[in-house]
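To start, the structure itself, in structure tokens.
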Amino acid sequence: MLPTQVQLESKPCPICSKFDDEVILTGRDRLHNLPGKFTVVRCRSCSLMRTNPRPTPETIGYYYPDDYGPYQFTKVSKNEKQNLPLSQKITQRIFEFNERRLPSLPPGRMLEVGCASGDFLHKMANQGWEVEGIEFSEKAAQTARSLGYKVHIGSLEIAPKPEQKYDLVVAWMVLEHLHDPILGLTKLQSWVKPGGWLAVSVPNIGSLEFKIFKDAWYALQIPTHLYHYNPNTLSQVLEHSGWKMEKVLHHRLLDNIIASLSYLLKDININPQLSSKLIDYSTTNKYKYLKHRISRLIYPLSFTLSLCGQTGRMTVWAKRVN
Ligand SMILES: [Zn+2]
């Protein structure tokens, strides 16, 4: 049953402006176990998948409770040392997971959409970038502000035009949450300098992970994920927004698989403790050091899967057209 405070809306494919869809699956919110059933459909013309019907922009907040993951564990302290010892720099070079990888650019002006508590802003500021952010969660945005960064609190849709254009816009795991990605991306396109760059990461529904786990795939996250991209459909959405896709970097991580396995364990009701440990392992910082070690241990496997484009998330670079 749908909670009374949630309203649904049905929207056509944003590329083709029509309803000509096939149903892919029906699922529920597994992240917080909130009520409601949701359907993922695929447009027959362009293949873009979306959650439809979906909660309206005004009522979707119900599915973002206060303990929503991304706001929780991006804590930065002002005095945090960003200068890593040489040995760590070398291992970082060897193990490139592609999570927040950027084109090599000289420092300039950067905007981060969905900057949470500001850890990435902080990292880039330390590398000489002039950084600004947009963040929907007031609490997270206040933390980023307390570090001294200019952060607009609210959605991208209502964020005001910047005083100066940017060289680079980044949005890590954001695009899939937008009600109108073409509107948002077009807005961002007008905010970068000619030849400016966009770097985004999104789940990849074209991956083997999704084919295996289907509605139990951790990165599906309905109903907060409104669009479900693969490299091809993301490229089309970018093209409709004035961007040209330049590169796809498949992540070299398998955390989604661990979390998806935990959902399956939960479904068959075997070992609930193991199930919640697995989800904590892959989605929180509780087992940070173990996770670091394991992700390096299985790096050859995740590297190989990423070469074949089969891991669950991807980072995409695009350049402003004109
Ligand atoms: Zn379409």
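A few comments on the model shown:
- With respect to (1) loosely packed, with under 14 Cβ neighbours inside 10 Å; (2) at pLDDT 90 or above; (3) not aromatic (Phe, Trp, Tyr), the lone exception for residue 272 is condition (2).
- Members of the range 65-90 found to be closer than 30 Å to residue 5 by Cβ, modelled with pLDDT of 55 or more and surrounded by 10 or more Cβ atoms within 10 Å (Cβ to Cβ), listed by number: 65, 68, 69, 70
- Picking from residues in the range 144-181 that are assigned to a loop (DSSP other than H, G, I, E, B) and of a type in the set (S, T, N, Q), the one that is surrounded by the fewest Cβ atoms within 10 Å (Cβ to Cβ) is 164.
- Residues of the range 185-213 that turn out to be surrounded by fewer than 21 Cβ atoms within 10 Å (Cβ to Cβ) and farther than 20 Å from residue 250 by Cβ, as a count: 8
- Checking each residue of the range 49-64 against the condition of being in contact with a Lys or Arg (Cβ under 7 Å, 6 or more places away or on another chain), assigned to a loop (DSSP other than H, G, I, E, B) and either open to solvent by 50 Å² or more (accessible area, probe 1.4 Å) or within 15 Å of the ligand (Cβ to nearest atom) (or both) gives at least one match.
- Residues located in the range 252-269, provided they are open to solvent by less than 40 Å² (accessible area, probe 1.4 Å), touching a Phe, Trp or Tyr at 6+ places or on another chain (Cβ under 7 Å) and either without any contact (Cβ under 8 Å) to a residue 24 or more places away in the chain or part of a helix (DSSP H, G or I) (or both): 256, 259, 260, 263
- Of the set (1) of a type in the set (D, E, K, R); (2) in contact with a helix residue (DSSP H, G or I) (Cβ under 9 Å, 6 or more places away or on another chain); (3) open to solvent by 30 Å² or more (accessible area, probe 1.4 Å), all apply to residue 29 but (3).
- Selection of the range 27-48 for residues being within 16 Å of the ligand (Cβ to nearest atom), in a loop (DSSP other than H, G, I, E, B), within 20 Å of residue 217 (Cβ to Cβ) and not polar (S, T, N, Q) yields only 48.
- Looking at 15, 24, just one residue is of a type in the set (Val, Ile, Thr), assigned to a loop (DSSP other than H, G, I, E, B) and either at pLDDT 95 or above or within 16 Å of the ligand (Cβ to nearest atom) (or both), and that residue is 15.
- Filter pass, residue 112 being within 16 Å of the ligand (Cβ to nearest atom), part of a strand (DSSP E or B) and modelled with pLDDT of 95 or more: no
- When residue 141 is tested against (1) in contact with a helix residue (DSSP H, G or I) (Cβ under 8 Å, 6 or more places away or on another chain); (2) aliphatic (A, V, I, L, M); (3) not in a strand (DSSP E or B), just one condition goes unmet, and that condition is (1).
The values are calculated or read from the model by the stated rules, or taken from the named source; none is laboratory data. Fair warning: this is a prediction, and the values are worked out from it, not measured in the lab. With ideal geometry, Cβ positions are generated from the backbone for all residues, glycine too; neighbour counts draw on all protein chains shown. Side chains are part of the model used for accessible areas, which takes the heavy atoms of the whole protein and leaves out ligands, DNA and RNA. Shrake-Rupley method; radii C 1.70, N 1.55, O 1.52, S 1.80 Å.
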